[in-house]
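The values are calculated or read from the model by the stated rules, or taken from the named source; none is laboratory data. It should be emphasised that the depicted structure is a prediction, and the values quoted were computed from it without experimental measurement. Cβ placement follows ideal geometry from the backbone for every residue including glycine, while neighbour counts extend to all protein chains displayed.
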Amino acid sequence: MSTLTRVLIIMIFIMSIMYLGMSAALFAYRVDYKNMVEKEQKAHKKTIETKDNEIGVLKGKITDLNNNIKTLEGQATVLKQELDRANNDLTDWKTLNTKLTNDLNTLNANYEKLQAALNEQIQKNKELNETLEKTQSIKDDATKERVVLEEKFLNAQDTIIKLEKNLSALEQQYLAQAKELNQLKIIVDQLRKTAPSLLVDVMPVKLIEGKIIAVSDKPALNIVVISVGKNDGVEVGMRFTVYRADKYVAKIQVDKVEAQWSSCFSIKEFQADAIRINDNITTSPY
């Protein structure tokens, strides 16, 4: 007998022992498969019933869900319509927002212009306030000067009143002297007419011309002022002929001489018209 055969016999023997061991173990733990199947069938039936119940419940839920879906579809339709309206409103709002943005930009630009104008006005107000303060200061100074001037004016009024009183007295004296002088001139003129050889005219004949620049508003004083004086060669006692255009007016005689003007009185017997301001005068015969 060969070695291989021996090995095979040994292996078959070992496998037979293992088979017997397994058979013994299975016999020891045998199972009643029939009962097991019945139990499984019963359990499976209960499971089926449970599942059927669950399926019924689920079908009811499915029905409810279908109803809910239809409701939701209706709501979705309404929501879609609302969404469309919302989109339209959004479009309108976007358009309005664009317009408002443009308006806001315009308002911002106007605000900047107004702010610049306000700043300029504030600067002008500041300058005006400064000018007002200066003006107020000038006004205060002017008020002080006015008070001083009022005091001077009152003093001047007092002086004028005194001078008017003195002038009134002088006018009365002058009027009396003028009347006396006029009477003397009349006597001299009469003597010249009746006996010219008895009197010699001591006044030099010199051509002097001018104008009447003032006439007394009191006719009784008989005083006029002429535009020529000592600088022009005028002397007390000189006579001037008064004329207007080509018309003879009167004769006047110098009573008082100053540098640039002279005071005269009118010779009544030679007066043809009232003497006026701007009448011409001359020493030459008219």
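Six or more apart or on different chains, Cβ under 7 Å: which pairs go from a residue in segment 232-254 that's touching a residue at least 60 places away in the same chain (Cβ under 8 Å) to one that's surrounded by fewer than 15 Cβ atoms within 10 Å (Cβ to Cβ)? Could you list them?
So the pair list comes out as 253/237.
Could you figure out which of (1) among the basic types (Lys, Arg); (2) at pLDDT 75 or above; (3) surrounded by 12 or more Cβ atoms within 10 Å (Cβ to Cβ) isn't true of residue 185?
(2)
Right, residue 47: modelled with pLDDT of 85 or more and surrounded by 10 or more Cβ atoms within 10 Å (Cβ to Cβ) or not? Lay out the reasoning, then the answer.
Values: modelled with pLDDT of 85 or more: no; surrounded by 10 or more Cβ atoms within 10 Å (Cβ to Cβ): yes.
No, not satisfied.
When the residues of segment 204-230 are filtered to those that are surrounded by fewer than 13 Cβ atoms within 10 Å (Cβ to Cβ) and more than 60 Å from the chain's Cα centre (by Cα), which remaining residue is modelled with the lowest pLDDT?
Of everything passing the filter in segment 204-230, 204 is modelled with the lowest pLDDT.
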